1. Restricting to segment B:6-20, count the residues that are part of a loop (DSSP other than H, G, I, E, B) and crowded, with 21+ Cβ neighbours inside 10 Å.
2. Taking the condition buried (at least 24 other Cβ atoms within 10 Å of the Cβ), part of a helix (DSSP H, G or I) and either at positive phi or modelled with pLDDT of 95 or more (or both), does residue B:250 pass?
3. For segment C:67-75, does any single residue satisfy the condition of being crowded, with 21+ Cβ neighbours inside 10 Å and touching a helix residue (DSSP H, G or I) at 6+ places or on another chain (Cβ under 7 Å)?
4. Just for segment A:10-44: of the residues that are within 11 Å of another protein chain (Cβ to nearest Cβ) and in a loop (DSSP other than H, G, I, E, B), which one is surrounded by the fewest Cβ atoms within 10 Å (Cβ to Cβ)?
5. Could you run through segment A:210-239 and say how many residues are at pLDDT 90 or above and on the phi > 0 side of the Ramachandran plot?
6. For the list (1) within 14 Å of chain A (Cβ to nearest Cβ); (2) out of contact with any strand residue (DSSP E or B) (no Cβ under 7 Å at 6 or more places or on another chain); (3) without any contact (Cβ under 8 Å) to a residue 24 or more places away in the chain, I need the number of the one condition that residue B:189 fails.
7. Out of the strands (runs of 3 or more DSSP E) lying entirely within segment A:196-306, which hold 1 or more residues that are touching a residue at least 60 places away in the same chain (Cβ under 8 Å) and surrounded by 18 or more Cβ atoms within 10 Å (Cβ to Cβ)?
8. When you scan segment C:41-55, do you find a residue that is over 14 Å from the mean Cα position of the chain (by Cα), outside any helix (DSSP H, G or I) and modelled with pLDDT under 85, even just one?
């Protein structure tokens, strides 16, 4: 048992068994949230450093709570991009941290491959909290956990991921994760936001939202980043939300018990209508809640493992 | 200084010679080529015995030693002797980034790779867009360079792509071509005028073909690897669209166009068609483009990051086909040194470029010739007579009276690439650890041995 | 069926080493009955009493004790399950990582008389972890400990209030508790090696 690896860098690396282990462990971790005393001593004396090069309240807080509930000492290091450009390279930051002997470093960074880069330098376990457009494994794991919690199973379910797939690490991680546990995956978005050869990852590709969500069990909407309009990838928010926004009328084509998910933060009225985001089939808040449990499971499974060497 | 190179297989694509003959060099020129150069009655000058290039000395060498008046006999039995290799595309980084490479170290690296001449690109700091920088490069090369250095001057001032550089003065100072390499000339009107203007001096225009809008923030080839790794991609069309444009401009202006570092199948196709129409276009491909694909980038390997990027297998096959059918005239390295610190960064941020001087010949032999894709003589031509032809240099050939720039290599020697043993200051090669066949034995520039194994 | 298979496997393994049976089915039943009586006596009844079992076999024993208490006193004593993995003091040192299972205590424990139930008391570290876990879950009025077998070799100052059988063992031996609910048969074996 246990994850026989030092780092958690990408869903692409995990086996279906490892995913199941993480989800099962997360179930037990979820109970801690229901207690009066939300603390267990499992990671007592361990040091967790949250190294976030991109602003993020949601993910960072989630990891911080997860670490603290496991009794770890949590340090948050936020660097804005300007200090990166100004001073220390990621390599030097890594070496500096290494000298302080952390047990786990959680890294979010705007460059794809940054987590792997750091993991090579640190003896500590590195958890990728999002590297550029590459992967965000803890997000995919909490998404799978949430689906499994609601549906009781994963295999055979159909999911559609909708939005700016090309720039989305959440999409990539979920594609890998869902495929490994036996789900069918569709991706949908404007042609300008679908990366080439994405079908080779084993997904069906759509540029029509209604056709994409017909008959699916899960619809995962991705956040539209407004910079993409500047980059000329779509003409206006208006057009984007008209064509790809998830509204109540659109949902009629999906299954009656379809579940709605979103990694957050949501752009109300752009990719998702408020009544859908707040509606009865929305799992958006469940995702947040489960994020802590899944991250606790990851910290426990990585920090509890015998260190290599 | 008289040197006899005895018993080597002399391959000279310019004249078609491919036979075992001896070469006699004197005062920087080839003075005699023949089966039995030792015809004249002379003694070996100097007391020390000549060195054997290879462990044991051939009969030819032994005979020669006893009969000719030379300072040195080089035993080339079992080795190939060809005109000194010419690398039409290197970045020597001096002036400006001497931490990455200098003219001294860059030319030594070239010599170690078997090159006797290099053309250095103008994207130095300051840019080579004036006589003073050209002369600085030539002076430094004369004092410290191991091989001939032919500067390429800028097309536009500061490489800014706005105004023509003083191409006339650059030509007079010694530039052999013009290019904004490192950057494309985005403005078609400027490129047109540059072609017309450079044409007055019969200077070839070397084009780095890239549409900056299409390549955008791309760092790798736009393909399956960029999709999986979540990296921004550079589509092949970014290169091909500019290739098409430059070919049409060359037709309009009757210029001599040379397309640098071809990487995409579409580019090869366009050049092939243009040549068939009679357009005066030539082009080059680098060893990394004919030996590697986008797969080399997996693991976010920054030593596989360069511009234009490594593309798909079908692109690589198109380059091989282009080399074989003559569409691609030249093999040039685009040797682009970067410090270890520069390359040891996040993939997005690391600079583009890989070095290549010290592996080019071996890769050509191991990948192109060994597989049967390209005959040895043609491969050598792409490193010698072809670049000489395009640059109109009196080089790249073996003939009595010609300059004694020669490369002696062992086509069978097996060796493992060790980046840390390179003569270059930099280590950014994707071939570290590769096992290659074929290595330089000696490099002779102007009749002097500037490097030997 | 699976349990029977494992039982057979256990027996096969046990046959490879020497084994001795120190309690049979009747012996276990008598121990459970006696422990139940002692619990009622010590606590002067079953008011506010709850049973919490550790791991799988502690839970089975707790349920058996609850059944006895029902017979003796007519009371329905709640039984909970406690997983102490997150409180262990040897995380990171064990070769393989223990799987975290669920803790299921569907009743409040504040001010209750908690009887922890485990199958074997050995070093005492599991019970220490259980105490820490319980205290994080609430504030019991008191905590007592019932074990089927006490095999000695305590490493912490922990003692059981109710013991089925005291069995002196050497460190090289293993004590195997088999219960019908898990293994298809009742028995306590000492296995060498």
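The values are calculated or read from the model by the stated rules, or taken from the named source; none is laboratory data. Treat the numbers as computed from the prediction; the structure is a model and nothing was measured. No Cβ is skipped: glycine too gets one built from the backbone with ideal geometry, and neighbour counts run over all protein chains shown.
1. As a first pass, look at segment B:6-20 and keep what is part of a loop (DSSP other than H, G, I, E, B): B:13-16.
Narrowing further to those that are crowded, with 21+ Cβ neighbours inside 10 Å: B:13.
Qualifying residue count, segment B:6-20: 1.
2. Values: buried (at least 24 other Cβ atoms within 10 Å of the Cβ): yes; part of a helix (DSSP H, G or I): yes; either at positive phi or modelled with pLDDT of 95 or more (or both): yes.
It is true that residue B:250 is buried (at least 24 other Cβ atoms within 10 Å of the Cβ), part of a helix (DSSP H, G or I) and either at positive phi or modelled with pLDDT of 95 or more (or both).
3. First, the residues of segment C:67-75 that are crowded, with 21+ Cβ neighbours inside 10 Å: C:69.
Subsequent filtering for residues that are touching a helix residue (DSSP H, G or I) at 6+ places or on another chain (Cβ under 7 Å) retains C:69.
So far as segment C:67-75 goes, yes, one or more of its residues are crowded, with 21+ Cβ neighbours inside 10 Å and touching a helix residue (DSSP H, G or I) at 6+ places or on another chain (Cβ under 7 Å).
4. A:36
5. Matching residues across segment A:210-239 total 1.
6. (1)
7. Numbers: elements: A:204-206, A:218-221, A:259-261.
Because the criterion is at least 1 residues that are touching a residue at least 60 places away in the same chain (Cβ under 8 Å) and surrounded by 18 or more Cβ atoms within 10 Å (Cβ to Cβ), the strands (runs of 3 or more DSSP E) in segment A:196-306 that meet it are A:218-221, A:259-261.
8. Keep residues of segment C:41-55 that are over 14 Å from the mean Cα position of the chain (by Cα), which gives C:41-50.
Restricting the remaining residues to those that are outside any helix (DSSP H, G or I) gives C:43-50.
In the following step, the residues that additionally are modelled with pLDDT under 85 were identified as none.
So far as segment C:41-55 goes, no, none of its residues is over 14 Å from the mean Cα position of the chain (by Cα), outside any helix (DSSP H, G or I) and modelled with pLDDT under 85.
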